[in-house]
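Engineer: If you scroll down you'll find the structure; I have some questions about it.
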Amino acid sequence: GSPGTAPPPRGPWADQQAPVAEGGPRGTARYEAVKKHLGAVGALSKQYWQYVACKVWPEGCEEEKEREEREAGPIAGWGFPLVGQDYLEILSAWYCSFGKCCETGDCRIINNITGLEADLRGQLHGQHLAKEVVLRALRGFLQSPRPQKALVLSFHGWSGTGKNFVARMVASHLYRDGLKSECVRVFVSLLHFPHHNYIDSYKAQLQRQISETLQRCRQALLIFDEAEKLHSSLLDAIRPFMAQHDTDPQRSIFLFLSNLGGNTINEVALDFWRAGRAREEISMELLEQRLRLELQEAAESSYAHSHLLRENLIDFLVPFLPLEYHHVKLCARDAFLARGLPYTEATLDEVAQMMVFVPKEEKLFSAQGCKSVPQRINYFLP
């Protein structure tokens with residue numbers, strides 16, 4: 001199928017059924033649709049139901065298949081009518097909404113860019129540039145029939161401005177299982193590669209894990225958090241998977257999350273505020289030029305992230321602007337809503353006032369962005 005749709009089921013559930021709650025109303029509606037269609041067809045034959053069962057659970061069906069072939073007699077190529085095949089696909093799709101229906105995890109790819117756009121618009125605050133770049137990059141990449149290389153996005157900005165939030169959101173809209181998908185791998189530099197003495201071991205492990213993920217999935221998402229701390233030697237393990245490929249039909253998406261460039265981004269935002277201009281007037285052209293200069297100055301460091309830009313492996317720089325007071329209030333509102341808790345404007349102000357704002361004179365930007373907001377609303381619980 002196309003990158004925007006999940007291919008038909010190709011095997012049994014690889015592991016246990018997912019909780020029924022995952023299907024929710026959608027699963028119930030699909031079940032009712034199956035009942036309605038099957039009822040319209042009438043009583044299906046025992047052979048048809050056996051066929052359905054063997055498609056969903058193929059183990060132990062070989063003997064039954066041989067018996068059916070013997071009983072079929074001289075009628076070559078006999079099969080169920082097309083209408084039966086249609087209902088089989090509906091039923092299989094319903095099963096797949098609850099469990100994994102293929103060994104590779106490909107049937108769990110959803111590529112819901114429309115949903116991603118809606119969630120970015122409603123839940124990502126103060127980041128007009130990040131919204132625009134991420135959506136444009138992903139939409140173009142997924143619509144391309146045969147991309148020449150992996151898509152590489154580099155997220156830059158202060159802590160708490162939304163880099164991890166967007167990465168999680170991308171995962172949840174490209175894969176039904178989100179970050180838990182077999183097609184998604186997350187690497188945190190100081191967690192997974194903490195000791196420089198073991199770089200060779202890390203390199204081999206990283207290369208193997210990426211290779212296994214790409215073999216398992218026709219579309220993989222690889223996220224590198226704290227990318228500014230990723231040792232340059234590890235780039236040797238990553239580079240081959242990002243480079244141009246003319247024959248490989250697989251798609252891979254790399255997200256590098258970094259605090260590098262945050263000061264430059266903040267300076268531009270502060271300059272616009274001091275000039276009385278809206279932050280929404282900040283253009284990608286202006287900010288990208290300033291950001292590239294800072295990243296190139298850091299390219300002599302021993303960290304891999306700086307070398308990616310110099311080697312033209314990064315397709316899009318994604319800047320995350322510092323968050324202001326009213327953005328923190330929006331984050332607080334979202335946190336209350338997510339937990340089903342009541343709130344007032346005064347409560348949102350109290351949460352925002354708990355944060356530290358910089359620079360010292362203007363007190364314009366939240367030093368932690370929205371990072372600790374969900375924890376701070378615990379203060380208001382009864």
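The values are calculated or read from the model by the stated rules, or taken from the named source; none is laboratory data. In this text the structure is predicted, and so the values were computed from the model without any measurement. Reconstructed Cβ throughout: ideal geometry from the backbone, glycine too, with neighbour counts over all protein chains shown.
Engineer: Look at Phe241 and say whether it is closer than 24 Å to Val318 by Cα and not in a helix (DSSP H, G or I).
Structural biologist: Details: closer than 24 Å to Val318 by Cα: yes; not in a helix (DSSP H, G or I): no.
The answer is no for Phe241.
Engineer: Consider Ala171 carefully, then state whether it is surrounded by fewer than 15 Cβ atoms within 10 Å (Cβ to Cβ), in a helix (DSSP H, G or I) and among the small types (Gly, Ala, Ser).
Structural biologist: no
Engineer: Find the residue count for region 295-314, including only residues that are crowded, with 18+ Cβ neighbours inside 10 Å and at pLDDT 85 or above.
Structural biologist: 2
Engineer: Given the structure, is Gln250 modelled with pLDDT under 95, more than 25 Å from Arg185 (Cβ to Cβ), polar (S, T, N, Q) and in the same structural domain as Gly157 (by TED's automatic domain parsing)?
Structural biologist: Working: modelled with pLDDT under 95: yes; more than 25 Å from Arg185 (Cβ to Cβ): no; polar (S, T, N, Q): yes; in the same structural domain as Gly157 (by TED's automatic domain parsing): yes.
Against the criterion (modelled with pLDDT under 95, more than 25 Å from Arg185 (Cβ to Cβ), polar (S, T, N, Q) and in the same structural domain as Gly157 (by TED's automatic domain parsing)), Gln250 does not qualify.
Engineer: How do the pairs read when you match residues in region 185-199 that are at negative phi with residues anywhere that are part of a loop (DSSP other than H, G, I, E, B), using Cβ under 6 Å and keeping only pairs 6 or more apart or on different chains?
Structural biologist: Val188/Glu226; Ser189/Glu226; Ser189/Leu230; Leu190/Glu226
Engineer: Based on this model, can you work out whether Leu234 counts as in contact (Cβ under 8 Å) with a residue 40 or more places away in the chain, crowded, with 21+ Cβ neighbours inside 10 Å and outside any helix (DSSP H, G or I)?
Structural biologist: So Leu234 fails the test.
Engineer: Can Ile282 be described as at pLDDT 90 or above and within 25 Å of Arg216 (Cα to Cα)?
Structural biologist: Working: at pLDDT 90 or above: yes; within 25 Å of Arg216 (Cα to Cα): no.
Answer is no for this residue.
Engineer: What's the total number of residues in region 273-283 that are in a helix (DSSP H, G or I) and either basic (Lys, Arg) or farther than 12 Å from Phe365 by Cα (or both)?
Structural biologist: Taking region 273-283 as the starting set, the residues that turn out to be in a helix (DSSP H, G or I) are 273-274, 279-281.
Filter once more, so that each one left must be either basic (Lys, Arg) or farther than 12 Å from Phe365 by Cα (or both): 274, 279-281.
Residues meeting the conditions: 4.
Engineer: What pairs can you find where one residue is in region 117-143 and part of a helix (DSSP H, G or I), the other is small (Gly, Ala, Ser) and surrounded by fewer than 16 Cβ atoms within 10 Å (Cβ to Cβ), and their Cβ atoms are less than 7 Å apart, with a gap of 6+ or different chains?
Structural biologist: From residues that are part of a helix (DSSP H, G or I), the pairs are Leu142/Gly4.
Engineer: Taking the options Leu270, Leu291, Leu286, name whichever one is within 30 Å of Ala243 (Cα to Cα), touching a residue at least 60 places away in the same chain (Cβ under 8 Å) and part of a helix (DSSP H, G or I). First the steps, then the outcome.
Structural biologist: Working: Leu270 fails: within 30 Å of Ala243 (Cα to Cα); Leu286 fails: touching a residue at least 60 places away in the same chain (Cβ under 8 Å).
None of the others qualify; the one that does is Leu291.
Engineer: Taking Gly126 as the residue in question, decide whether it is assigned by TED's automatic domain parsing to the domain that holds Gly262 and more than 22 Å from Ile314 (Cβ to Cβ).
Structural biologist: Considered against the rule, which asks whether it is assigned by TED's automatic domain parsing to the domain that holds Gly262 and more than 22 Å from Ile314 (Cβ to Cβ), Gly126 comes out as yes.
Engineer: I've got another one for you. Quickly run through region 259-283 and pick out the residues that are under 24 Å from Ala227 (Cβ atoms), hydrophobic (A, V, I, L, M, F, W, C) and out of contact with any strand residue (DSSP E or B) (no Cβ under 8 Å at 6 or more places or on another chain). Reasoning before the result, please.
Structural biologist: Step one: filter region 259-283 for residues under 24 Å from Ala227 (Cβ atoms), giving 259-269, 282.
Add one more test, that the residue is hydrophobic (A, V, I, L, M, F, W, C), and what stays is 260, 265, 268-269, 282.
Selection gives Val268, Ile282.
Engineer: Can you pull out the residues in region 144-160 that are assigned to a loop (DSSP other than H, G, I, E, B) and under 13 Å from Leu321 (Cα atoms)? It would help to see each step written out before you state the result.
Structural biologist: Going residue by residue through region 144-160, those that are assigned to a loop (DSSP other than H, G, I, E, B) are 144-150, 157-160.
If the condition is that a residue be assigned to a loop (DSSP other than H, G, I, E, B) and under 13 Å from Leu321 (Cα atoms), then Gly157, Trp158, Ser159, Gly160 are the ones that fit.
Engineer: For Val186, indicate whether it is in a strand (DSSP E or B) and surrounded by fewer than 21 Cβ atoms within 10 Å (Cβ to Cβ).
Structural biologist: On the way: in a strand (DSSP E or B): yes; surrounded by fewer than 21 Cβ atoms within 10 Å (Cβ to Cβ): yes.
Yes: the conditions hold for Val186.
Engineer: Could you check, for region 351-369, whether at least one of its residues is touching a Ser or Thr at 6+ places or on another chain (Cβ under 7 Å), part of a helix (DSSP H, G or I) and surrounded by fewer than 21 Cβ atoms within 10 Å (Cβ to Cβ)?
Structural biologist: No; the residues of region 351-369 include none that is touching a Ser or Thr at 6+ places or on another chain (Cβ under 7 Å), part of a helix (DSSP H, G or I) and surrounded by fewer than 21 Cβ atoms within 10 Å (Cβ to Cβ).
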